[in-house]
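What follows is one structure encoded as structure tokens, with my remarks underneath.
The values are calculated or read from the model by the stated rules, or taken from the named source; none is laboratory data. Given the structure is predicted, the values throughout are model-derived calculations rather than measurements. Because the Cβ atoms are built from the backbone with ideal geometry, glycine has one as well, and the counts that use them run over all protein chains shown. Protein only, heavy atoms only, side chains kept; ligands, DNA and RNA dropped before computing areas. Shrake-Rupley method; radii C 1.70, N 1.55, O 1.52, S 1.80 Å.
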Amino acid sequence: KRWRPVFAHFKRWIGLDDAGKVSSDDIVRWKTELIQSGVSPRTVREVYLAAIKVVFGWAAENRKVQPNPTTGITVRVAKTVHLRERGFTAIEARTILRAALAGEHGQVSESHRRARRWVPFLCAYTGARVGEITQLRGCDFIQRDGVWAIRITPEAGSTKSGSARLVPLHSHLIEQGVVEMARAFASSPIFFNRSRGRGGDSAHPHHKKVGERLARWVRDLGVDDPHIQPNHAWRHLFKTLARRAGLDPEIRDVLQGHAPRSIGEQYGDWPLDVLAEGVERLPKFDIGAEHSNL
């Protein structure tokens, strides 16, 4: 969905139908003119040039073009300047969680009402990516050896690593009734209804749409600092709170689905009860306090 207009633009710009006639000089001139026209260097690198590189790379590997005209071409991007911490402040987190509990969501679908109620809390206590939460099905809430957990799996939608993982549920989530809520859905998605809307597709799936709507809702609540991401900031806050609670760095990474930092960390598995013990070290979010740390 995103790359098709990139290639349409490139085809109009170069005036050729034959990819084999594209040269490295053409790619350099194209990316230079994009930047000069006002497209940000980061967008040129991560969208325009990324699309061209992947497809021409495949073409070269399969002897469709020789040589690959994109080899060695990149875009230099200035290092991002961070003007504040990347996780929510205590006040921002409480604002969102209070609104989630309040349930005053106006005229929205029942599935999106559930998303507003539960997704912020699930993100806060698991550190998962919002898309990993919004794609959850009822059957992804499981109990193993007495521990309740969510199964984040590519079967439900997508994971960045392409691998499944189990993340224990904090007792505060269980106390709120998240398991009982999830049990009603079996193998169906919890936070969207496939029978509603335009159906979604592989380029813009349902669970991604739910995350986008939640982001707009968070901004409407007044958590509108442009220097934080309205969904992803939960991951940063989770890491901060996990450090404060003294969780082992490897446990923090396993819970959030971050890649192992060494070959040694790739060996073995993490017992669920050990992960659960780490999760329980995280304090409950104090939704009522006005002037305290989370």
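Observations, loosely collected:
- Top-ranked residue in segment 210-250 [being polar (S, T, N, Q) and in a loop (DSSP other than H, G, I, E, B); ranked as farthest from V274 (Cα to Cα)]: Q229
- Filter result (over 19 Å from E155 (Cα atoms) and open to solvent by less than 60 Å² (accessible area, probe 1.4 Å)) within segment 175-188: Q176, G177, V178, V179, M181
- Given (1) surrounded by 12 or more Cβ atoms within 10 Å (Cβ to Cβ); (2) touching a Pro at 6+ places or on another chain (Cβ under 7 Å), number of the condition Q266 does not satisfy: (1)
- Single residue of segment 125-137 satisfying the filter (open to solvent by 10 Å² or more (accessible area, probe 1.4 Å) and not hydrophobic (A, V, I, L, M, F, W, C)) that is nearest to F285 (Cα to Cα): R129
- Selection from segment 72-92 of residues that are in contact with a helix residue (DSSP H, G or I) (Cβ under 9 Å, 6 or more places away or on another chain), among the β-branched types (V, I, T) and either farther than 30 Å from L49 by Cβ or open to solvent by 30 Å² or more (accessible area, probe 1.4 Å) (or both): T74, V77, T80, T89
- Subset of segment 189-225 [modelled with pLDDT under 95 and open to solvent by 40 Å² or more (accessible area, probe 1.4 Å)]: N193, R194, S195, R196, G197, R198, D201, S202, A203, K208, K209
- Number of the condition not met by Q256 [criteria: (1) at pLDDT 95 or above; (2) open to solvent by 20 Å² or more (accessible area, probe 1.4 Å)]: (2)
- Taking residues in segment 56-68 that are farther than 13 Å from G20 by Cβ, and partners anywhere that are of a type outside the set (F, W, Y) and surrounded by 14 or more Cβ atoms within 10 Å (Cβ to Cβ), the pairs with Cβ atoms closer than 9 Å and at least 6 places apart or on different chains are G57/N68; G57/T70; E61/N68.
- Here R151 meets each of (1) of a type in the set (K, R); (2) in contact with an Asp or Glu (Cβ under 6 Å, 6 or more places away or on another chain); (3) over 18 Å from R235 (Cα atoms) with one exception, condition (3).
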